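What follows is one structure encoded as structure tokens, with my remarks underneath.
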Amino acid sequence: MLREVLITVMVFAAFASAVATYLFAFHGTSSLKDVLSTAFAGTVGVHVGRYIERRLARG
């Protein structure tokens, strides 16, 4: 349980920092809404991928 929470927090932070850096570097500005919504979508995608991976591993 703790492992899943830590993975979620780390994935969200990584996506948020990457999106904020990209937006600031290439667009000159970054809105909190864009950063958080994209980070949330990325986090959901990672968890869906982990779920599918686990299901496929079980057969």
message = Being surrounded by 12 or more Cβ atoms within 10 Å (Cβ to Cβ), on the phi < 0 side of the Ramachandran plot and in contact with a Leu (Cβ under 6 Å, 6 or more places away or on another chain) is the requirement here; does Ser17 meet it?
response = no
task = Report, by residue number, each residue of the stretch 7-35 that is hydrophobic (A, V, I, L, M, F, W, C) and either over 22 Å from His47 (Cβ atoms) or modelled with pLDDT under 95 (or both).
result = Ile7, Leu23, Phe24, Ala25, Phe26, Leu32
query = So, in the stretch 23-40, of the ones that are of a type in the set (A, V, I, L, M, F, W, C) and surrounded by fewer than 10 Cβ atoms within 10 Å (Cβ to Cβ), which residue ends up nearest to Phe12 (Cα to Cα)?
reply = Leu32
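The values are calculated or read from the model by the stated rules, or taken from the named source; none is laboratory data. None of the values given here were measured: they were computed from a predicted structure. Glycine gets a Cβ as well: all are built from the backbone with ideal geometry, and neighbour counts include every protein chain shown.
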